[in-house]
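Chemist: Quick one: the structure is below, questions incoming.
What follows is calculated from the coordinates using simple rules that are stated; it is not laboratory data. None of the values given here were measured: they were computed from a predicted structure. Note that we place each Cβ from the backbone using ideal geometry, even for glycine, and neighbour counts take in every protein chain shown.
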Amino acid sequence: MGGKTRTTTIDRAGSGYVKVHFTDVRLMKGDVLTVSNPAGTESYTYTRDLKSSLTATIDETGFWAMSITGSTAVITVKSMFSRVRADKITRGFTDAEFAARPSTQSICGTNDYKDATCYQTSNPTEFKRSGAVAKLLRNGSSLCTSWRVGPNNRMLTNNHCFTSTTGIEVWFNYQCPTCGGTTSAPVTKVLAASVLKTDRPLDYTLFTVNNFTAISSFGYLELDARVPAVGERMYVVGHPAGKLKKISLKDGTANCVVRAVKVNGNVAQSDISYMCDTEGGSSGSPVLSGVSHKVIGLHHFGGCPNQGVRIDLVAAQIGSLL
């Protein structure tokens with residue numbers, strides 16, 4: 001590269017994120033590859049030691065850089081002799097593409113979920129709990145929700161979301177700073193590191209992340225290892241359709257409540273049911289009691305009523321690992 005700084009911009013108008021794959025990678029000592037947004041407020045740096053970045057997903061032909069929130073990624077190479085080529089990208093849906101997707105049965109009547117920020121004043125406890133909830137971007141293309149469970153480096157999501165951590169991005173603070181906003185506050189992203197335990201019948205995956213210190217300030221949720229009462233107030237926090245973080249607190253004008261317990265899920269009597277609104281991408285969301293504000297379920301099915309795995313059953317299997 002002759003000691004020059006070279007820059008390339010990739011723009012996909014209307015996309016929620018851009019994720020770039022690099023091949024033919026030959027970074028020499030002292031050379032730097034940076035992927036950022038145009039303002040430079042989100043930036044990931046890669047050197048000869050790709051693993052040290054903690055944000056590179058290395059594969060047989062090169063590596064995927066961490067995604068850039070928004071529609072534009074700026075690639076900068078500062079080098080003497082480097083060689084690197086961007087050969088493919090993935091990106092988020094535009095609003096029009098979202099609207100054209102098949103309808104979901106998980107919105108029960110009118111859509112009553114709201115931006116998490118909308119509840120900051122009226123429901124401060126529910127809002128505070130939402131900080132521990134993160135969006136998952138799976139291999140640059142599909143979406144789920146996850147959340148910190150307990151004070152240590154532990155995250156929980158569905159087994160059907162993933163069983164291998166390769167290419168799993170975890171986005172904290174992907175939420176609008178104002179009620180009804182359309183852009184996100186600054187996002188903190190880490191990669192999933194290792195699966196500690198996963199189970200298909202109860203549809204959970206317990207995992208760790210790289211660079212835990214980066215996300216330790218977002219708080220954590222606690223498990224309420226009991227069968228909740230029918231009629232108990234509850235709410236769901238997640239990223240339906242991969243959107244900015246939402247809290248599903250209402251069913252029409254009333255509070256969401258537990259409709260039934262010991263409902264058949266992947267196995268007999270494994271679930272609770274409710275009419276809180278969810279969508280694809282909500283999988284893995286915590287279902288919280290409106291009484292204890294601890295987790296009573298792990299959302300995994302739509303259908304109205306929607307369903308979550310009983311957390312008392314999950315806790316019996318993962319409690320010793322927390």
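Chemist: Output needed: Cys residues of the chain lacking any neighbouring Cys C-beta below 4.7 Å, sorted by number.
Modeler: Singleton cysteines: CYS176.
Chemist: Over the Cα atoms of the chain, each weighted equally, I'd like the Debye log10 I(q)/I(0) at q = 0.08, 0.12, 0.16 Å⁻¹, rounded to two decimals.
Modeler: -0.37, -0.79, -1.28
Chemist: Ok, one more. Have a look at PRO240, PRO151, PRO177 and tell me which one the Gaussian network model of the chain (Cα, springs below 10 Å) gives the largest fluctuation.
Modeler: So, out of PRO240, PRO151, PRO177, the one fluctuating most is PRO151.
Chemist: Which whole-percent values make up P(r) of segment 4-161 when all C-alpha to C-alpha distances are grouped in 10 Å steps starting at zero?
Modeler: 9, 29, 32, 21, 8, 1, 0
Chemist: From the phi of every residue in segment 306-321, what ³J(HN,Hα) in whole Hz does the Karplus formula 6.51 cos²θ - 1.76 cosθ + 1.60 yield, where θ is phi - 60° and glycine or proline is x?
Modeler: After applying 6.51 cos²θ - 1.76 cosθ + 1.60, I find 8, 9, x, 5, 4, 6, 5, 6, 5, 4, 4, 9, 10, x, 6, 9 Hz.
Chemist: Tally Lys and Arg at +1 and Asp and Glu at -1 over the other residues with C-beta under 15 Å from the C-beta of GLU222: what net charge comes out?
Modeler: Residues close to GLU222 contribute a combined charge of +3.
Chemist: For segment 53-102 and segment 134-166, write down the distance between their C-alpha centroids in whole Å.
Modeler: Comparing the Cα centres of segment 53-102 and segment 134-166, I get a distance of 20 Å.
Chemist: Whole-Hz Karplus ³J(HN,Hα) for segment 154-167, in order, using 6.51 cos²θ - 1.76 cosθ + 1.60 and θ = phi - 60°, x for Gly and Pro?
Modeler: Result, ordered by residue: 9, 10, 10, 8, 8, 4, 6, 7, 6, 10, 10, 7, 4, x Hz.
Chemist: Let me ask you something else. For segment 178-322: lysine pairs with Cα atoms under 22 Å, gap of 8 or more or different chains, count?
Modeler: Final tally of qualifying lysine pairs is 8.
Chemist: So who's got an amide H within less than 5 Å of the one on GLN175, skipping anything under 5 residues away but keeping other chains? H placed 1.01 Å off N, in plane.
Modeler: ALA185, LYS245
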